[in-house]
Amino acid sequence: MTMSSIGRRFAPLAALALAALSAPAHAAAPADPSGTYLTEDGRARVRLEKCGAANDRLCGYVVWLKVPLNDKGEPRVDFKNPDPKKQARPSLGHQLIMGLKPNADAHYEGKIYNSEDGKSYDVTIWTDAPNELTVRGCLIAFLCKSQTWNKVVDLAPGQLAGPTNGPNGPRSDPEFATGSAKPTAKAGAKAAPKPAAVDAPAAQ
């Protein structure tokens, strides 16, 4: 068999290989990690669920705390939050995973909020094993640490079990509340009539 005949026989295969290489790559969709997980240190349970207008992002909320009260016996609040409007909100039920987006590695990435220091960090989340979640947080590009959170299906005493922004449920930050998940006024509530003249400043 001559070299020219070999070339003719393998030319179609080469063309197919070249076409495959030149075709646009489509990243695989991340595995859906929705569910409730116990953090590695056992101090909190975090509920993950899809969010966003297209339901393609991932949000997470603290739905249980091992120590829900402070030294004064009062519910813990997010007093280190840099946003003064959020410093009085209860720690139980606050949003800490902020609308993560799928990336090219079939993981979710974005920001995670740490109420212990009031700072937000880069985070990547994915699941490779059943009932386990890998959470990799980075203060800076070369200073990262991974944790393993384990999925739970039971209901611990004091755990929030209601729907997000609903009765006995966690609360989403306004910028991540979409569709029916947006906080709404109480049913039947009516707006107060606007006075003819306003002499005092509006309540803060």
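In nm, to one decimal, how far is the modelled label at K80 from the one at S34, with both set 7 Å along Cα→Cβ?
Each label point lies 7 Å from its Cα, and together they span 3.2 nm.
Show me the ranking of peptides 71-79, 89-97, 119-127, 103-111 by mean Cβ neighbours inside 10 Å, starting with the highest.
Numbers: 71-79: 11.9, 89-97: 20.8, 119-127: 17.9, 103-111: 15.9.
Those peptides, ordered most packed to least, come out 89-97, 119-127, 103-111, 71-79.
N168 to D154: extension gain in nm, 0.36 nm per residue of separation minus the Cα-Cα distance?
Working: separation 14, 0.36 × 14 = 5.04 nm, distance 1.62 nm.
Stretched out fully, the N168 to D154 stretch lengthens by 3.4 nm.
Every read-out reported here was derived from the displayed coordinates using simple, explicitly stated rules and does not represent laboratory data. Everything numeric here is computed off the predicted structure, so don't read it as measured data. Here Cβ is always computed from backbone atoms with ideal geometry, including for glycine, and neighbour counts include all displayed protein chains.
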